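Encoded as structure tokens, the structure appears first; notes follow it.
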Amino acid sequence: TDEIMHQDIIPLYAADIQDQLKKQFAYLSGGRGGDGCPVITFPDYPAFSEIPEREFQNVLTYLTSIP
């Protein structure tokens, strides 16, 4: 099973992960997919492979929780 998908999701606030969000390795572009879901953009980020897994999870959890 995929551990990431089966972890308990704890609500995150931007203030809690502001340093991680400032890196802008992922962000909401404002666009929506054909099904109306928001589009998460992953721009070119030279140190992407060096982002800790927990940090990546925090940012994606936060971005996917924004209505």
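The values are calculated or read from the model by the stated rules, or taken from the named source; none is laboratory data. Bear in mind that the values here come from a model prediction, so they are computed numbers and not experimental data. Counting neighbours? That spans all protein chains shown, and the Cβs are built from the backbone with ideal geometry, glycine included. Side chains included, ligands, DNA and RNA excluded: accessible areas come from the protein's heavy atoms. Shrake-Rupley method; radii C 1.70, N 1.55, O 1.52, S 1.80 Å.
Taking S49, is it part of a strand (DSSP E or B), at pLDDT below 95 and open to solvent by 50 Å² or more (accessible area, probe 1.4 Å)?
no
Go through segment 31-58 and give me each residue that's under 17 Å from L21 (Cβ atoms) and among the basic types (K, R).
R54
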